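One structure is given below, encoded as structure tokens.
What follows is calculated from the coordinates using simple rules that are stated; it is not laboratory data. Just so it is clear, the structure is predicted and the values come from calculations on it, not from any experiment. Please note: Cβ atoms are built from the backbone with ideal geometry, for glycine as well, and neighbour counts cover all protein chains shown.
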Amino acid sequence: MVAAPHTHELVQVAAAAADSKGGEDLVAFDVSEPLPLVDAFLLVTGSSERNVAAIADEVEEKMLEAGQKRLRREGREESRWILLDFGDLVVHVFHEQERVFYGLERLWKDCPVIAVSLPEHTPGDN
């Protein structure tokens, strides 16, 4: 199996939202082959607990605007690793230390990478 085109579109929506709040090291994997209930994972790093929470909140808002409701959220209280489940797409927003420690890229390294297209930033963008 391969992630559906709609899932690829959702990855782009979530990635743009994360990027707009300073999310870094965005990587998306097509996990549809090993995981029958999920098509893709998007991994994002935030620089602090506050940043992780802001990224997750923005992803939720933009996904809802795109017609995709969140099914489940975990980790919001600590904001060290927030998991957002949108059905076909699961977004993992990590604090830098948790991203290194858990190393999800190593776990999913055999899965195809989904290209993430981000808007270009101009000097002075925040």
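Observations on the structure shown:
- Selection of region 53-74 for residues being free of Cβ contacts under 8 Å to residues at least 12 places away in the same chain and either buried (at least 19 other Cβ atoms within 10 Å of the Cβ) or outside any helix (DSSP H, G or I) (or both) yields Gly67, Glu74.
- Restricting attention to region 1-52, the residues that are outside any loop (DSSP other than H, G, I, E, B), over 19 Å from Val100 (Cβ atoms) and not charged (D, E, K, R) add up to 14.
- Residues of region 31-52 satisfying the condition of being surrounded by fewer than 19 Cβ atoms within 10 Å (Cβ to Cβ), acidic (Asp, Glu) and closer than 20 Å to Ala3 by Cα: Glu33
- If the condition is being more than 20 Å from His8 (Cβ to Cβ), buried (at least 21 other Cβ atoms within 10 Å of the Cβ) and in contact with an Asp or Glu (Cβ under 8 Å, 6 or more places away or on another chain), then region 80-94 contributes only Ile82.
- Single match in Val116, Val59, Val93 (criterion: closer than 15 Å to Ser20 by Cβ and touching a Gly at 6+ places or on another chain (Cβ under 7 Å)): Val93
- Selection within region 99-114 - surrounded by fewer than 19 Cβ atoms within 10 Å (Cβ to Cβ) and charged (D, E, K, R): Glu105, Arg106, Lys109, Asp110
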